[in-house]
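Notes for the one structure printed next.
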Amino acid sequence: MIEKFNYLKEIFSDGSYFNYVTEFSENNFFAVHTYIPNDILRTLKDLKKNINIDYELITLALSYRMSKDYGDSIKVTVKIYRETSIEYTRNGNYSIKGNGPCFNYFDLYFMYDKNKKKIKLMQSSLAKCFFIPFNLKKFQRVYLNALNNKDEKMQGFLDELIFSDFNNYFANDIKSDLIKGLAGISYDFNKMKEFHNRKELLMQIGKIEENENVNYLNKMSLQKGCALILLKKYVEERHFDYLKKMPEEFFNEYIRHPYILSKVKSLLSKYYIERLSIHVYLLECDKKTLKDYIDMKIQLKQKIPLNICSIKKLESLHNQAALDIINKQKRTEKEKLNIGDKFKNLIARLPEEYEVIDDSARLKAESIMQNNCVASYKERINKGRSLIVSYLNSSCRYTIEVIVSRKKYQLAQFLGKCNRQAPRELIDNFEKILVEANTSHPKSD
């Protein structure tokens, strides 16, 4: 570890990497790299006054410590600022500082694992109370910043910092993905060093058998490969090639969502919105039908087809999935639903023509009468996430869903039979009730 520290310290002190360098103590080091050209810096120094400038600034701090809990460790901190402050000092020099909150913050720990006798790359948690394995997702933003500013020296330094222990072929693959912004995966970086290419890594992530033909994984980014491995569990196998043909940019949704199911639902919704929009103009009610269909298929643990190309076919499959859920539910007529306490204030204010659905038999009947999938909301209701209300106006019935968001009641949907949008007048009348109920502030989730 001491050798590693001295090696990094030597790089930090090299003027070819950094414009402005200061050493604080034997075991602590601080370096600044700015994108301000040297001739501008000299001009500012000659002016002998403080000035703010819009050039970006990177600061790096290197420290070495010994810990009984973790053994030796080296910490490298990277901070990036959008605005830079040049301050003239009394001794005729100048100092460079970042203005305001930093645009990006990156903490990296080289820690010695006593048991395995290896150096590991780690990150500190948000709470700063424990360490978690380092991954590419956060590093990608810092790397792209150096690339976008055409800073070859900083990019070279980061390459040296991160990839020095990697197989050269695989390191080049990862760098290629980083440059394109397609390497944002959350996988233990220390384990990645054991692999020789994308295919080996992705087979480990997806727990794919050796005899399975997945050579295509070497021809795509880590981001797309991870997304395909995940989606393969949820889509019909005969349609899987449709996803393989999608462009790399399509899979950016994968890193935008933190949870597995949200990744799946987002990617499949995006796929179908793009596919269906080629043939028809999608209304909001059509997108709602699509979202409910994907939710129900996942709830039923059924594979999702990828060849639907009409709203009529989507509605037919949506209704069949709703019927499957109704048939799977227990036929206990008096099974009460657990209506969340947060909705009591609203329920007390509803006029008589609004019926709160509070048992599973009535929920099932509503789904059949309205030809919708509200029966699949049973779990959502029991967890206190939704309130379902039925409204009968003359000869027309409407299904209403209310949620609580940011301590306020919000209308999630107000739909007629087959998910047709209700008249604006009815929606406005109901929203007035919500506004009145919100004055007493429902409890948040």
* Asked: What do you reckon, how do His257, His318, His196 stack up by accessible area (1.4 Å probe), largest on top?
  -> His196, His257, His318
* Rounded accessible area of Arg141 (nearest 10 Å², 1.4 Å probe) -> 120
* Asked: Taking a probe of 1.4 angstrom, what is the accessible area of Phe30 in Å², to the nearest 10?
  -> 60
* To do: Report the dimensions of the range 115-258 along its three principal axes from the alpha-carbon atoms, largest first, rounded to Å.
  => 46, 41, 33
* Asked: Remind me, what semi-axes does the range 281-436 give for its equivalent ellipsoid, largest first in whole Å, using sqrt of 5 times each Cα gyration tensor eigenvalue?
  -> 25, 19, 15
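Students sometimes get this wrong: rank Met246, Met192, Met369 by accessible area, probe 1.4 Å, all chains present, largest first. Please list the in-between numbers first.
Numbers: Met246 30, Met192 0, Met369 85 Å².
I get Met369, Met246, Met192, largest accessible area first.
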* So how strong a dipole does the range 394-440 carry about its Cα centre when Lys and Arg Cβ are +1 and Asp and Glu Cβ are -1, to the nearest 20 debye? -> 140
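Could you state the accessible area per residue of the range 322-445 in Å², with a 1.4 Å probe and every protein chain left in place?
Working: 6900 Å² over 124 residues.
The answer is 56 Å² per residue.
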* Asked: How large, in percent, is the carbon and sulfur part of the accessible surface of the range 158-236 at a probe radius of 1.4 Å?
  -> 41
* **Calculated P(r) of the range 351-445 - Cα pairs past 23 Å, %** => 22
* Asked: When Rg is the radius of gyration of the Cα atoms in the range 290-360 and Rh is its Kirkwood radius, what does Rg/Rh come to?
  -> 1.10
* **Rounded to the nearest 10 Å², the accessible area of Lys191 at probe 1.4 Å** => 100
* Cα gyration tensor of the range 240-308, axes a ≥ b ≥ c as square roots of the eigenvalues: rounded (a/c below 1.5), prolate (a/b > b/c) or oblate? -> rounded
* Structure fact -> Inter-part gap, Cα centre of the range 159-235 to Cα centre of the range 345-403, in whole angstrom, is 46
* Per residue solvent-accessible surface (Å²) - the range 131-184, probe of 1.4 Å -> 44
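The values are calculated or read from the model by the stated rules, or taken from the named source; none is laboratory data. This structure is a prediction, so every number in the text was calculated from the model and none was measured. Here Cβ is always computed from backbone atoms with ideal geometry, including for glycine, and neighbour counts include all displayed protein chains. The accessibility values were calculated without ligands, DNA or RNA, using every heavy atom of the protein model including side chains. Shrake-Rupley method; radii C 1.70, N 1.55, O 1.52, S 1.80 Å.
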